[in-house]
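Okay, so here's the structure we're looking at.
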Amino acid sequence: MKNKSKFKKVQKERAQAPSEWLYLNPEEVGLRSVYEIFGREKPWRAELWEEAGVLEIGIPEAGSVDLERMDTDLGDEEGNAYLEKHQIKTVFAVTIVPEDYEKAYMVMMEIMKSRGGFFCGDTEDFQPEVRLSE
């Protein structure tokens, strides 16, 4: 029975996972430093296009987690207030395939363990949030 409830929880998360996220960090973090996390012996492969400001982290048997550097001005009052509240200095737009959320979540956790920060949905209310304390 336990496995059945866990399966339902995963199904619910997958159904609610947005495809567009933000990676926010109160420290200055460059794409190269995130890329270096995945250069070590990990199950993922990463490709960095520094000039374009894009990093693609391939997930075995799934899609990818794509990060693109953004300005810290989100272009709206609520978004900028959220960044100010959390003292954010680094913003990356992040794209995932919602059906691969569980695998993308593992990539998100790896980034947060190594570089700090957190992920939030690129939604009106910045939900859901993914933090290390989950």
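The values are calculated or read from the model by the stated rules, or taken from the named source; none is laboratory data. Small disclaimer: the values here were computed from a predicted structure and weren't measured. All Cβ positions, even for glycine, are placed from backbone atoms using ideal geometry, and neighbour counts span all protein chains on display. Heavy atoms of the whole protein, side chains included, go into the accessibility calculation; ligands, DNA and RNA do not. Shrake-Rupley method; radii C 1.70, N 1.55, O 1.52, S 1.80 Å.
Structure notes:
- Accessible surface, the chain, averaged per residue in Å² (probe 1.4 Å): 61
- Lysine pair count for the chain (Cα-Cα distance under 29 Å; residues 8 or more apart in sequence or on different chains): 24.
- Carbon and sulfur %, accessible surface of the chain computed with the full protein complex present, 1.4 Å: 47
- Gaussian network model of the chain, springs between alpha carbon atoms under 10 Å - residue of F119, F38, F92 with greatest fluctuation: F38
- Cβ crowding within 10 Å averaged over residues, with 44-53, 64-73 ranked highest first: 64-73, 44-53
- Prolate/oblate/rounded label for the chain (Cα gyration tensor, a/c 1.5): oblate
- Each listed q (0.21, 0.28 Å⁻¹) maps to a log10 I(q)/I(0) for the range 40-100 from the Debye sum over equal C-alpha point scatterers, namely -0.89, -1.09.
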